[in-house]
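Each value in this text was obtained by applying a stated rule to the coordinates, not by laboratory testing. Please read these numbers as outputs of a predicted model, since none were measured by experiment. We place every Cβ from the backbone using ideal geometry, glycine too, and count neighbours over all the protein chains shown.
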Amino acid sequence: MSINSAAFLLFLTVSVIVYYAVPKKARWLILLAASAFFYLSYSPRAALCLLFTAASVYLGALAQGALRKRERERSETPADKKRWQRRRRALLLLVLLLNFSMLAVFKYLSGWIARISEPLLPRPLILLMPLGISFYIFQALGYLIDCYRGRVAPERNFFKFLLFVSYFPQLVQGPINRFEKLHGQLIQGNDFNADNIRNGVWLMLWGMLKKILIADTLVTPVTDVFDNFNECGGAVILLAVVMYCIQLYCDFSGGVDLVRGASGLFGVEMEVNFCRPYFARSIDEFWRRWHMSLGEWMKNYLFYPLALSKPLNRVAKRLRRGGGRSGRLFVPCVSTFIVFVVIGIWQGPGLANIAYGLWNGALMSGAMIMEPAFAKFREKIGRADGSFAMRVFRTLRTFMLVVIGRYFSRASSLSQSFGMMRRTLFSFTAGAHPFVLGAGSWAVVAVSAGVLFTVSLMQERGVKMRERISRAHPAFQALLLILAMALVFGYFTAGFSTAAYVYENI
Amino acid sequence: MDRLEKIMTQLFPGVDFNDGRALIDDGVLTSLDIVMLVGELNDAFSVSITVDDLVPENFNSLSAINELIVRLGG
């Protein structure tokens, strides 16, 4: 069941009605049943992977709690304490390894398994990527690490924990929620609140319109250029990559708006995942606005442990003794680089994804290393530094750096990435193969992107759009609602179906 | 506390640490800044700040950072 379908809207409506109809104590069971129905309707086999993650992390967390208790009660000397800590760490690593291995098998070994099994079995063994596997594994393992660190107490009821892992709005493409923020909201049984329903519906409609009107309209022409880049001129390639940036943002953030809105109908607020990333004025800021829940996860569970690891800090300490900035910058630069390479590898197999990670790691580290030069430049231009023109320049510069990164992340191979870059730089013509988008579709994209840009600009200036709409004249609210609903339902009743979300199978 | 303030001013020139903003929650310092700061604090006060200490409450203000250092024996 796609979340951008009439069937999902029907399923969601029934779930919301039943949720508020049953007693508060039983409401979490409705969420669990709805999540089970949603995932099983997608694939019963894929549900086994989800169950494996939930069960292994549940048991791992309980064991962490038990070992921590023994550590407190039975450690008489520092050596005893260390022994218990070693046991806890070994157990943590085992559960991490089991789950990341499962992810790696689906992500990187499925093609290889199909090839190996072809001559051995009547039919080749094809492993389909389970829906949202990365997201629920990251979320569950984040909880496990928090239990290991003693930041959260392990949940003792397996079904309550299963709901945290399998809560259906987050299953398609996140966001990656934190246990301490989400779990209580799922379990407590929320009261009906008309504001939650109104806000949820607006957010869902907004997300659906971003996906339907912009992202899906751009899929075909962008794919066409990437598939036939050898026949395209550099100008067309650049246009396609810029359009891909817009498509990806509307696809991913639209999908997340939709599921956050759906979750809001139950009174459950999920993590924010985007904060108008294309308004960022530096690449560092871009990554704090794009896929924010993954960024938080990477920061807490990979970047900080790396940055505080003994081997890196031993080298940094030696460098700091020599004075200068190298000692100060060594740890953040190396850790950032590693984190971005991991993000690149997570995006999928292939060198282009690693190049994407290296590109972003180099930009982030480069910015840290070059900071004194940037500071001098800012001092030199004085008051002009804060001017509107400089702000626009920085925003456009950051956007162009993101565009260059997309040559890597969207291409199917590194040679394609470089081939497309070569044509953009050295053959900047219209070429024989145009960017095929009809006049009507151009108009739809232009008007929708114009509305999106205006709304984003207002939000950047602190306007809370849904509050502003709720204060508007009732006739205006009704008109806006009818227009948005007519577009969405008109789309479904006309028999269209949406393209799969880009991050759905990652 | 003076020593801490000196380190902070050297590392982050131009940042006013007493303007009432929470250093982490209000986005004054990023995770990259925190990592740089931790290295300096470990050296200067002979402490060992671990991942478990990296929570906003410990880094939101100069006094919170100072308390953390004192707690760790610095």
Hey, what do the phi angles of region A:299-310 turn into as Karplus ³J(HN,Hα) couplings, whole Hz, using 6.51/-1.76/1.60 and θ = phi - 60°, x for Gly and Pro?
5, 6, 10, 10, 4, 5, x, 5, 5, 9, 6, 5
Under the Karplus relation 6.51 cos²θ - 1.76 cosθ + 1.60, θ = phi - 60°, what is the ordered set of whole-Hz ³J(HN,Hα) values for region A:347-364, x standing for Gly and Pro?
4, x, x, x, 5, 4, 5, 5, 4, 4, x, 4, 4, 5, x, 5, 5, 5
Could you check the spin-label model distance between A:LEU109 and A:ALA446? Points 7 Å from the Cα along Cα→Cβ, value in nm.
5.2 nm
Can you give the FRET efficiency to the nearest 0.05 for A:PHE377 and A:ALA21, using r as the Cβ-Cβ distance and R₀ = 51 Å?
0.25
Cα gyration tensor shape for region A:6-189, rounded if a/c is under 1.5, else prolate or oblate
oblate
With the Cα gyration tensor of chain A giving a ≥ b ≥ c as the square roots of its eigenvalues, does the rule (a/c under 1.5 for rounded; else a/b larger than b/c for prolate; else oblate) give rounded, prolate or oblate?
rounded
Least to most buried among A:THR13, A:THR398, by other C-beta atoms within 10 Å and fewest first, runs A:THR13, A:THR398
Tell me what the protein assembly as shown gives for mean residue ellipticity at 222 nm when only DSSP H runs of n ≥ 4 count, each as -39,500 (n - 2.57), the sum divided by the residue total, rounded to 500 deg cm²/dmol.
-22500 deg cm²/dmol
The exposure ranking of A:CYS49, A:CYS250, A:CYS275, fewest beta-carbon neighbours within 10 Å first, is A:CYS275, A:CYS49, A:CYS250
With θ set to phi - 60°, apply the Karplus curve 6.51 cos²θ - 1.76 cosθ + 1.60 along region A:467-482 and write out the HN-Hα couplings as whole Hz, x wherever there is a Gly or Pro.
5, 4, 5, 5, 8, 6, 4, x, 5, 5, 4, 5, 4, 5, 5, 5
Long pairs among A:LYS82/A:LYS317; A:LYS82/A:LYS160; A:LYS69/A:LYS181; A:LYS107/A:LYS210; A:LYS380/B:LYS6; A:LYS310/B:LYS6, criterion Cα-Cα beyond 30 Å
A:LYS82/A:LYS160
Picking from A:VAL22, A:THR77, A:ALA362, whose Cα lies most toward the positive end of the charge dipole for chain A (charges on Cβ: Lys, Arg +1; Asp, Glu -1)?
A:THR77
Nearest 20 debye, what's the magnitude of the dipole of the protein assembly as shown about its Cα centre given +1 on Lys and Arg Cβ and -1 on Asp and Glu Cβ?
1240 debye
Which whole number gives the average count of other chain Cβ atoms within 10 Å of the Cβ atoms across peptide A:329-335?
3
Can you spot the lysines whose alpha carbon is less than 16 Å from A:LYS211's alpha carbon? Ignore those fewer than 8 places along the same chain.
none
Rounded to one decimal in nm, the spacing of the 7 Å Cα→Cβ label points at A:ALA389 and A:LEU358 is 3.8 nm
For A:GLY431, the residues 5 or more places away or on another chain with a placed amide H closer than 5 Å to its own amide H are A:GLY233
